[in-house]
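Contents: one structure, followed by commentary.
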Amino acid sequence: MHGRPRKPLKPEDTTALSAKAEKLRSLQSQFLTNHHNHIYTKEALDLNAKLVENNPEWHTAWNYRKLAVKNFLSPSESDPDYVKSILDEELRVVECALRKNFKSYSAWHHRKWVLSKGHSSIDNELRLLDAFQKLDRRNFHAWNYRRFVTALMKRSDEDEMKYTKELVDDNFSNYSAWHNRSILLSNLLKRKAEGYFPKENVLEEEYELVQNALFTDPDDQSGWFYHLWLIDQTVKTDAPILVSSWPSHGSTITLQGNNCLYGSGSSVVNCTLSDIGKLPVILYFSQAVEGIDSSTVTVKSEVLNGDLDWKSLSTSNSNAAQVWVTYLNVGNMELQLLKNYSVEISLGHSKGVVSSSGYHFGHPMHVAFKLCIQTHYRELAEGQCEKKTSWNDNDFQKFDHFQESESIVSTDQLTSENDHHNQTTSNWCVEAIDKEVDKFRDLLSDSDCKLGKLTLARLLTALDSLSSTRAEKMVNADEVLQLYGDLMKLDPTHSLYYKDKHSLTLLHQITSTRESLLPYCHYYKDAAKTIAGHVCLRLQNLSLSRIGCIENLLWVQMLDLSHNELQSIEGLEAMQLLSCLNLSHNKFGTFTALGPLRLLRSLKVLNISYNEIGSHSIDTRRYLCSSPLSHTEEFAWDRFEILAGSFNATKFWEAFLIFGSLNLTELDLKGNAVADENFRLFLVKVLPTLKWLDGGELS
């Protein structure tokens, strides 16, 4: 643990452990007899004390002592000396147990319980903690208890900051001291304590402090983690902001009679809506927020009749989400043809939108777009849009250019009433990160330090994210990609982490500007005969192990992510326009990894062929046991039993959880271990809208 290798036991050690185990079994047997018979005599407590000293982790033994204390301290007991003597004895027993194992959760919890009674002196606690922290400076149990004690003592965060500095000055390898310093500093910065405002001055001093540690011993990890935290504090904004939306600000959306929607120009935006005349409106925030409703988000337009119902796009059951969606029900309204209808969205003018960390959305934002109805709605002709979607290279043609009126990367177009303040803050952040980049280039000129390379990659990424214009964004991407490539070779143990970071950087580079995105946008040649939109974003064969930058891809309806190394599609649920998705030739091991698909209402075409689904056991990490009944997922059990019939239910319930709410017309899953004939028959029942399965047309 913590990188410390285990040593094989010597024969004499094995003998000693066997004797200790026999002694423990005897003590446990006697203790359980006393516990079951509610015996709280002095002899019983002495026996229990021997037990917890030899096995401090047995929570039941500590609970017995709590019951004994309550038995002794009846409500009528008022002698303070007697009460103190009982509780002091408990503190003594805990201290003896901790000297045997000072990382025992149960012992520390019992000591907290005793002190919370309010009859014991806490003067000795800090001295005791100093002793245990000297035995092991990474003892996070003791640090957690220290925070509890300092709160009881009403000791200031400022004094504790001085204490952590004394420790890191004594030994800059003290990871726990750095960690506690980050907790204390977060609190001080949040309440703008005296001497800790403005934030910029404080962070500059902290950078200088941690650099002394990093440059003295570049291979020690402790200071690096604190430096990473400082980068995060420099770059991130505490309050959530709106980073992207669809429709994008300033765009024009055209609806046609076959329920297709188009963007202005040569229609980069083109898809079939899942529900007739329902147009999704998506808000993408910098962090998860809650409180999005008609009282906090104002939508003004002639096409509205009544309040809108905002829904969070989250695969968890949390009330907070990074992405929210509502639907404009324009299909049931009598709108004039070829007339532009304005839609204006405002938020941040009233409180109520709050992040998971408790910060309010405090930057009033405006999003405005236009909506045009080109022809009346009509039903599709029988047999129309039934041709199978093909993902072959010869079915696509590259874009030559985008029309000027097309807005596919929309982040910069959002308008805020606090732009000047944001720019001032950003300028300081850029200067601070720039200084750090220069220092770490100097460090790496003398040392091939993997932690130094990783930090430089993070700094350059942060610098790109702070660039004021898209023209300046991702100018360091090539160097960052090279650094992560070097790290995969230099540190193969953590190569998967570096590969994920490499993938995210590459996607940021591709999606940052219209020019960088253009080579990956293709016309679908046979768009008139398929349900797909006629523009496809092709991100295949990029060795991607993770997807990201979804905020720049809200406009995408046809997406090709085939021939990569993906094991998850986390975040894809935000792409509410997505109607065609190719995930073939990746590394998906279970249907659970495809969970975000359940929230894609427009999805019609899905290719998950040649993955590893069925080759591994069902992913039950999200569940208490391998059944949806034990989880809070909404699961139509009655329908599942009917559809499963005589099939193996345990094999199919996970697939039903994913596909049961979809309206797919095409599905391809050949090349997966799960794709046997029984499973195909099951899918045909689950997906009554299905017309094509594994490339074959269903009768």
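The values are calculated or read from the model by the stated rules, or taken from the named source; none is laboratory data. Bear in mind the structure is a predicted one, so any value in this text is a computation, not a measurement. Glycine gets a Cβ as well: all are built from the backbone with ideal geometry, and neighbour counts include every protein chain shown. Quick note on the areas: whole protein, heavy atoms, side chains included, nothing else; ligands and nucleic acids left out. Shrake-Rupley method; radii C 1.70, N 1.55, O 1.52, S 1.80 Å.
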*In region 564-597, what residues are more than 23 Å from the chain's Cα centre (by Cα) and open to solvent by 10 Å² or more (accessible area, probe 1.4 Å)?*
H585
*asked:* Residues to consider are K473, K501; find the one that is buried (at least 16 other Cβ atoms within 10 Å of the Cβ), modelled with pLDDT of 95 or more and within 26 Å of I433 (Cβ to Cβ).
replied: K501
*Among what's in region 596-628 and is assigned to a helix (DSSP H, G or I) and closer than 25 Å to D676 by Cβ, pick the residue that is modelled with the lowest pLDDT.*
P628
*For region 542-563, name all the residues that are without any contact (Cβ under 8 Å) to a residue 40 or more places away in the chain and either open to solvent by 10 Å² or more (accessible area, probe 1.4 Å) or of a type in the set (S, T, Y) (or both).*
L542, H563
*asked:* What's the total number of residues in region 642-663 that are part of a helix (DSSP H, G or I) and modelled with pLDDT under 75?
replied: 6
*Among residues belonging to region 350-377 that are surrounded by fewer than 19 Cβ atoms within 10 Å (Cβ to Cβ), under 17 Å from K300 (Cβ atoms) and more than 28 Å from the chain's Cα centre (by Cα), point out the one that is modelled with the lowest pLDDT.*
K370
*Single condition L667 does not satisfy, out of (1) open to solvent by less than 20 Å² (accessible area, probe 1.4 Å); (2) assigned to a helix (DSSP H, G or I); (3) modelled with pLDDT of 60 or more*: (2)
_Matching residues, region 30-60, being part of a loop (DSSP other than H, G, I, E, B), in contact with a Phe, Trp or Tyr (Cβ under 8 Å, 6 or more places away or on another chain) and without any contact (Cβ under 8 Å) to a residue 40 or more places away in the chain_ = Y40
_Matching residues in region 311-362 - criterion: being under 24 Å from L553 (Cβ atoms), hydroxyl-bearing (S, T, Y) and in contact with a Phe, Trp or Tyr (Cβ under 9 Å, 6 or more places away or on another chain)_ = S312, T326, S355
*Taking T254, is it under 30 Å from I373 (Cα atoms) and in contact (Cβ under 8 Å) with a residue 40 or more places away in the chain?*
yes
*Among the residues of region 310-324, which ones are assigned to a loop (DSSP other than H, G, I, E, B) and either in contact with a strand residue (DSSP E or B) (Cβ under 6 Å, 6 or more places away or on another chain) or in contact (Cβ under 8 Å) with a residue 24 or more places away in the chain (or both)?*
W310, L313, S314, T315, N317, S318, N319, A320
*Can you pull out the residues in region 670-687 that are open to solvent by 20 Å² or more (accessible area, probe 1.4 Å) and of a type outside the set (A, V, I, L, M, F, W, C)?*
K670, G671, D676, E677, N678, R680, K685
*Those residues that are modelled with pLDDT of 90 or more and among the β-branched types (V, I, T), I need them from region 243-285; list them, please.*
V243, V281, I282
_Being open to solvent by less than 20 Å² (accessible area, probe 1.4 Å), touching a helix residue (DSSP H, G or I) at 6+ places or on another chain (Cβ under 6 Å) and modelled with pLDDT under 95 is the filter here; which residues of region 286-327 pass it?_
V303, L313
_Within region 203-225, does at least one residue satisfy the condition of being in contact with a Phe, Trp or Tyr (Cβ under 6 Å, 6 or more places away or on another chain), surrounded by fewer than 20 Cβ atoms within 10 Å (Cβ to Cβ) and at pLDDT 90 or above?_
no
*Is there a residue in region 570-577 that is modelled with pLDDT under 95, part of a loop (DSSP other than H, G, I, E, B), of a type in the set (A, V, I, L, M, F, W, C) and closer than 22 Å to H508 by Cβ?*
yes
*Does Q482 satisfy the criteria of being open to solvent by 40 Å² or more (accessible area, probe 1.4 Å), in contact (Cβ under 8 Å) with a residue 12 or more places away in the chain and part of a helix (DSSP H, G or I)?*
no
*Looking only at residues in region 23-60 that are open to solvent by 100 Å² or more (accessible area, probe 1.4 Å) and at pLDDT 85 or above, which one is farthest from I86 (Cα to Cα)?*
R25
*Meets criteria (closer than 22 Å to H360 by Cβ and open to solvent by 80 Å² or more (accessible area, probe 1.4 Å)) for K199*: no
*Can you tell me which of L443, L539 is among the aliphatic types (A, V, I, L, M), modelled with pLDDT of 95 or more and touching a helix residue (DSSP H, G or I) at 6+ places or on another chain (Cβ under 9 Å)?*
L539
